[in-house]
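Novice: I'd like to ask some things about the structure below.
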Amino acid sequence: MIRNVIGSLLALAGATAAVWSPFRDWYDGRPGRDYRIQDLFSGITGAGAELTTSILLPFVFAALVTLVGVALRSRLLVAFSGLIVLGFTVLWTVRQGQAAGSLTVGGDAAALGTGVATAFGGGVLLLIGAAVMSGRGRRHGRVESYDEEPPAYPYVPPDEQEPYGGTRRPGPAEPYDRPAPYGQPPPYGQPPPFDPYGPEGPPTLPIPDRPDER
C-alpha cells in the first residue's frame, strides 16, 4: 500500500513535469510547444505550431496514460507513459542536433534550455514511479469448492453391523470420528463404554450365614 502511494506520487510528479516542459525554452529561446510533431520525423524547421499539433500532444497523452495507470495501479501503463516522454524527447534531441550541427548545454543563446531537462526528468520520474509501485495485490490460496461430494466409505449392511449402536468397531488404524457418507448410517461409531466385568456383570459374593441369635 505504501509503495503504491509513493510510486503514484512520483508518477504524477513526472507527468506534471512532462506536460509543463513544452512551455519552457527548449533551444535558442524557442519553447517546446513551438515545435511541430511532424518535424520530429521529417526534420526541424523554423515553422511554428499550434498546441494541438505541437510536441505538447504526446506529453498530454502520456499524462493521461499515467492517470489511468495510477487509478488501476498498473505498473506497465505508468512505465509506458515514461517511455513515451523519453522517446519523444530523445527524438527531438536527435533532430535538433541534425539541424543545428551540434548541441551545447549552458548559458548560451543557442543551447539546450530548461524545457528539455524538465522533459527528461519527468520521463525518469515516471519510470521510477513504475518501479516503486507494487501493483495490484494478488489473492493467494486455493479456493475450495462447495459442491464436491464427500469421500465414499464402505457401507456396512444392518445384518453385518455390530450389536452396540448399530455400527461396527473400527480397526486399530481406523479413527472413530471419520464422517459417514450422506444418506448412509455411519460405518464407524464410538466404542461402547468400558466394562471391567465383561458381559457377565460383576461377580456375586457369597453372603455368610449369620450366627443364631441367642
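The values are calculated or read from the model by the stated rules, or taken from the named source; none is laboratory data. Here the structure is a predicted model, which is why all the values come from computation and not from measurement. Here Cβ is always computed from backbone atoms with ideal geometry, including for glycine, and neighbour counts include all displayed protein chains.
Novice: For the condition within 20 Å of residue 99 (Cα to Cα), β-branched (Val, Ile, Thr) and surrounded by fewer than 21 Cβ atoms within 10 Å (Cβ to Cβ), what is the one hit in 2, 6, 44?
Specialist: None of the other options fit; the residue is 44.
Novice: On the given criteria, is residue 52 over 16 Å from residue 96 (Cβ atoms), out of contact with any Asp or Glu (no Cβ under 7 Å at 6 or more places or on another chain) and either assigned to a loop (DSSP other than H, G, I, E, B) or modelled with pLDDT under 90 (or both)?
Specialist: So residue 52 passes the test.
Novice: Okay, moving on. Just give me the residues in the stretch 45-88 being under 22 Å from residue 111 (Cβ atoms) and under 35 Å from the mean Cα position of the chain (by Cα), in sequence order.
Specialist: 55, 56, 59, 85, 86, 88
Novice: Another question about this same structure. Are any of the residues in the stretch 48-60 charged (D, E, K, R) and over 22 Å from residue 13 (Cα atoms)?
Specialist: yes
Novice: Go through the stretch 61-73 and report how many residues are in contact (Cβ under 8 Å) with a residue 24 or more places away in the chain and closer than 19 Å to residue 124 by Cβ.
Specialist: Summing the residues that are in contact (Cβ under 8 Å) with a residue 24 or more places away in the chain and closer than 19 Å to residue 124 by Cβ in the stretch 61-73 gives 6.
Novice: Looking at 94, 85, 68, which one is at pLDDT 95 or above, in a helix (DSSP H, G or I), surrounded by fewer than 19 Cβ atoms within 10 Å (Cβ to Cβ) and of a type outside the set (Asp, Glu)?
Specialist: 68
Novice: Considering (1) surrounded by 14 or more Cβ atoms within 10 Å (Cβ to Cβ); (2) of a type in the set (S, T, N, Q); (3) touching a strand residue (DSSP E or B) at 6+ places or on another chain (Cβ under 7 Å), say which one residue 74 fails and leave the rest.
Specialist: (3)
Novice: Among the residues of the stretch 16-44 satisfying the criterion of being part of a loop (DSSP other than H, G, I, E, B) and touching a residue at least 24 places away in the same chain (Cβ under 8 Å), which is nearest to residue 104 (Cα to Cα)?
Specialist: It comes out as 28.
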